[in-house]
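Notes follow once the structure below has been shown.
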Amino acid sequence: MCDEKTAVVIAAGTELTEGIIQDTHARFLSSELTSLGFVVRRTSQVPDDPAIFRDELARGCREACLVLITGGLGPTADDLTREIVAEAA
């Protein structure tokens, strides 16, 4: 159980890390979390690479009480968000 209201925001998708689209979700979520009294430790972007995503999720879980993941969950074969989060749980 966490004593602090801390959060990490992870934005998933190679389209983010390659600069194809801009990550506006992390900025919005960080602002909203801050207004709710959370301290946002950091935000990050991860490509559609299972090993990198797993490592980043594990790091986020060590650093904060709340980890939000945005992006992913699309209808594409390279979206591994559900599987990686299920493994972590």
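The values are calculated or read from the model by the stated rules, or taken from the named source; none is laboratory data. Note that the structure is a prediction, hence the values are computed from the model and not measured. A quick note on method: Cβ atoms are made from the backbone with ideal geometry, for glycine too, and the neighbour counts reach across all protein chains shown. When the accessible area is computed, the model is the full protein with side chains, heavy atoms only, and any ligands, DNA or RNA have been set aside. Shrake-Rupley method; radii C 1.70, N 1.55, O 1.52, S 1.80 Å.
Numbers below:
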read-out: Residue satisfying all of: in region 62-89; in a helix (DSSP H, G or I) and not charged (D, E, K, R); modelled with the lowest pLDDT among these; value: Thr81
read-out: Search result, residues across region 1-25 that are of a type in the set (D, E, K, R) and either under 19 Å from Ile84 (Cα atoms) or in contact with a Lys or Arg (Cβ under 9 Å, 6 or more places away or on another chain) (or both); value: Glu15
read-out: Index of the failed condition, Phe28 passing every other in (1) open to solvent by 50 Å² or more (accessible area, probe 1.4 Å); (2) within 19 Å of Val85 (Cβ to Cβ); (3) at pLDDT 95 or above; (4) not polar (S, T, N, Q); value: (2)
